[in-house]
Amino acid sequence: QVRLVESGGGLVQAGGSLRLSCAASGRTFSSYVMCWFRQVPGKEREFVAAIRWSGGRTYYADSVVKGRFTISRDNAVYLQMNSLKPEDTAVYYCAGTSGYSSSYSLVREYDYWGQGTQVTVSS
């Protein structure tokens, strides 16, 4: 059974940093693309970044990240978030897919999802 578990969320002041982690289990993820989405109440889930587990190729939502976030992986998938802003406040979700895409930025492309971790940035 595939399981994705996010951690690392919390409350941080604007300008601060957080590192989110996603622990994946239940299958071999070496051929997977893993990603981070975020969602605020009343809005659609928004793509943040993705990484190909094998090879490490990355994909970013430039309009969201603007050089502030970095996705990486070793035994887990990480999202390093720097220079956080109040508008980054959201529930952040980890997801994975074995499928192919040119951008990996759509919710429907992902097969597995974590339960989410809350990130709150105070002004």
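When the stretch 71-123 is examined, which residues are found to be part of a strand (DSSP E or B), without any contact (Cβ under 8 Å) to a residue 40 or more places away in the chain and under 16 Å from ARG38 (Cβ atoms)?
Within the stretch 71-123, the subset part of a strand (DSSP E or B) is 71-73, 77-81, 90-97, 112-113, 117-122.
Imposing the further condition that a residue be without any contact (Cβ under 8 Å) to a residue 40 or more places away in the chain reduces the set to 71-73.
ILE71, the sole residue that qualifies.
Checking ASP111 against (1) open to solvent by 40 Å² or more (accessible area, probe 1.4 Å); (2) modelled with pLDDT of 95 or more, which single condition isn't satisfied?
(2)
I'd like the residue in the stretch 34-70 that is open to solvent by 40 Å² or more (accessible area, probe 1.4 Å) and not in a loop (DSSP other than H, G, I, E, B) and, out of all such residues, is nearest to THR89 (Cα to Cα). Can you show your working first?
Applying the first criterion (open to solvent by 40 Å² or more (accessible area, probe 1.4 Å)) to the stretch 34-70 yields 39-46, 52-55, 57-58, 60, 62-63, 66-67, 70.
Next cut, not in a loop (DSSP other than H, G, I, E, B) only: 39, 46, 52, 58, 60, 62-63, 70.
Values: GLN39: 9, GLU46: 12, ARG52: 26, THR58: 23, TYR60: 18, ASP62: 17, SER63: 15, THR70: 17 Å.
Checked the stretch 34-70; the qualifying residue nearest to THR89 (Cα to Cα) is GLN39.
Restricting attention to the stretch 12-33, report how many residues are in a loop (DSSP other than H, G, I, E, B), under 15 Å from ASN75 (Cβ atoms) and open to solvent by 40 Å² or more (accessible area, probe 1.4 Å).
If we filter the stretch 12-33 for residues that are in a loop (DSSP other than H, G, I, E, B), which is where we start, we get 14-17, 26-32.
Now restrict to residues that are under 15 Å from ASN75 (Cβ atoms): 26-30, 32.
Going one step further and asking which of them are open to solvent by 40 Å² or more (accessible area, probe 1.4 Å), we end up with 26-28, 30.
Total meeting the criteria: 4.
Would the stretch 94-104 turn up any residue that is surrounded by 12 or more Cβ atoms within 10 Å (Cβ to Cβ), among the aromatic types (Phe, Trp, Tyr) and modelled with pLDDT under 95?
yes
The values are calculated or read from the model by the stated rules, or taken from the named source; none is laboratory data. Note that the coordinates shown come from a computational prediction; the quantities given were computed from them, not determined experimentally. Cβ atoms come from the backbone with ideal geometry, glycine included; neighbour counts cover every protein chain shown. With ligands, DNA and RNA removed, areas are computed over all heavy atoms of the protein, side chains included. Shrake-Rupley method; radii C 1.70, N 1.55, O 1.52, S 1.80 Å.
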